[in-house]
Amino acid sequence: MTAPFTFNTTRSVRFGAGVLGELPALALPLTGPRVLIVTDPGMMGTGIVDLAVGLLRDAGLETTLFADVQADPPEAVVLAAVDAAREARAGGIIGLGGGSSLDVAKLVALLAPGMEALADVYGVGKARGPRLPLVLIPTTSGTGSEVTPISIVTTGAAEKMGVVSPHLIPDLALLDPELTLGLPPHVTAATGIDAMVHAIEAYASASPNNNPVSRALACEALRLMGGALLRAVRDGSDAAARADMLLGSMLAGQAFANSPVAAVHALAYPLGGHFHIPHGLSNALVLPHVLRFNAVVAPAPYAELAPHAFPDLAALDGQERAAAFIERLATLSADCGLPQRLRDMDISAEVLPRLARDAMNQTRLLVNNPRPLTEADALAIYTAAH
């Protein structure tokens, strides 16, 4: 008998080439005539922000820009964006860009009404709402933030903390694969591996809310992305590959939003916090080593996933198939041109114990790992990855 579970996702999803043009008609009923767009400096040079602003203003919406989002956004950036929303008297928030911009937009929508403070909402289920109407438009195929109840913030010098609440799920996710055509190969690769990690960890999660819907979505996400990632990296203008990556990323986001991720993310976060390594690359660096650790006692999920991502692995069985899946993921990462070792990122062996200690603070994630993991285990995984 299927165990009880809960599945939540974005109320409305609009997917398709060119759907950015529908933004004014879709946003206005939600946000009203005054919006704040949350984005980052890199996006400002792409022409996408100008296009979105032009569409909104031509439709009569009063549009204010906050374009100071940083990767791994610190609390100060979130609070500055909240101030901008209040000053603009925004009736709704539009997040446009990669995962960091979308995460900041979520928190701006939550905090701008002034009903709660950022320091009070860290953790699971702490945010009470209400929030401003929220539209998210991803321009990378990685985080799936447009369909998740999660926002990650860098607190202090290096530690990352999460706000997890259904109140962060947006009203509308608008996915236009044409917005991803300009992504450079290294960003395509890192964000693509990140999305595949979401699907893998959601499927294998030890969460009591691991459910049939999330598992089905994870399988379809891997089917799409396993066949498309390398094509998208090698030919950024491959529209079909870009569409499969964006859709796969969203499906993986829906999966892990309800069946949460685990030790790959827990060990990746200290790499981003201390060394400012992009999140997707941090995941890629530890992914095969965490999965090898898990597969010693829990090979079944990886064996089940293998033929969805790599159909030829269906010829193998059990532990052999799980092992081949892990090695194929490592090969895919290398073929995409991503660094493979922590030492490639100028991370010395001396800092590995500190990384292991910091990883153990990610209790929200570690409880979902299919194999219990100690600080000594974390250090051994970092050492293997070094």
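The values are calculated or read from the model by the stated rules, or taken from the named source; none is laboratory data. Everything quoted here is computed from the prediction, not taken from an experiment. Don't worry about glycine lacking a Cβ; one is built from the backbone with ideal geometry, like all the others, and counts go over all protein chains shown.
Worth pointing out:
- Output for the range 132-143, where each listed residue is modelled with pLDDT of 95 or more and not hydroxyl-bearing (Ser, Thr, Tyr): Leu132, Pro133, Leu134, Val135, Leu136, Ile137, Pro138
- Hits in the range 270-326 (condition: touching a Leu at 6+ places or on another chain (Cβ under 7 Å) and of a type in the set (S, T, N, Q)): Ser282
- Any chance Thr180 is within 12 Å of the chain's Cα centre (by Cα) and surrounded by 24 or more Cβ atoms within 10 Å (Cβ to Cβ): no
- Any pair with Cβ under 7 angstrom, 6 or more apart, that starts in the range 82-104 at a residue that is over 15 Å from Leu136 (Cα atoms) and without any contact (Cβ under 8 Å) to a residue 40 or more places away in the chain and ends at one that is β-branched (Val, Ile, Thr) and assigned to a helix (DSSP H, G or I): Val82/Val108
- Only one of the listed residues (Lys160, Lys126) is in contact with a helix residue (DSSP H, G or I) (Cβ under 7 Å, 6 or more places away or on another chain), surrounded by fewer than 24 Cβ atoms within 10 Å (Cβ to Cβ), among the basic types (Lys, Arg) and closer than 20 Å to His265 by Cα. That residue is Lys160.
- Unique match (being over 19 Å from Leu224 (Cα atoms), surrounded by fewer than 22 Cβ atoms within 10 Å (Cβ to Cβ) and modelled with pLDDT of 95 or more) among Glu304, Glu320: Glu320
- Within the range 238-268, considering residues that are in contact with an Asp or Glu (Cβ under 7 Å, 6 or more places away or on another chain) and outside any helix (DSSP H, G or I), the one surrounded by the fewest Cβ atoms within 10 Å (Cβ to Cβ): Val261
- Within the range 59-81, being closer than 19 Å to Ile137 by Cα and either in contact (Cβ under 8 Å) with a residue 40 or more places away in the chain or outside any loop (DSSP other than H, G, I, E, B) (or both) holds for Glu62, Thr63, Thr64, Leu65, Phe66, Ala71, Asp72, Pro73, Val78, Ala81.
- Of the residues making up the range 196-219, those that are surrounded by fewer than 24 Cβ atoms within 10 Å (Cβ to Cβ) and part of a loop (DSSP other than H, G, I, E, B) are Ala206, Ser207, Pro208, Asn209, Asn210, Asn211.
- Pairs are defined by a Cβ separation below 7 Å, a sequence spacing of at least 6 or placement on different chains, a first member in the range 314-339 that is under 10 Å from Tyr302 (Cα atoms), and a second member that is of a type outside the set (S, T, N, Q) and surrounded by fewer than 16 Cβ atoms within 10 Å (Cβ to Cβ); no pair meets this definition.
- Residue within the range 93-110 that is surrounded by fewer than 24 Cβ atoms within 10 Å (Cβ to Cβ) and out of contact with any Gly (no Cβ under 7 Å at 6 or more places or on another chain) present: no
- Flag if Arg321 is touching a Phe, Trp or Tyr at 6+ places or on another chain (Cβ under 9 Å) and either in a helix (DSSP H, G or I) or within 24 Å of Val153 (Cα to Cα) (or both): yes
- Yes/no for Ile169 being closer than 19 Å to Pro260 by Cα and within 18 Å of the chain's Cα centre (by Cα): yes
- Scanning the range 35-92 for residues that are touching a strand residue (DSSP E or B) at 6+ places or on another chain (Cβ under 6 Å), over 22 Å from Gly273 (Cα atoms) and among the acidic types (Asp, Glu) yields a single hit, Glu62.
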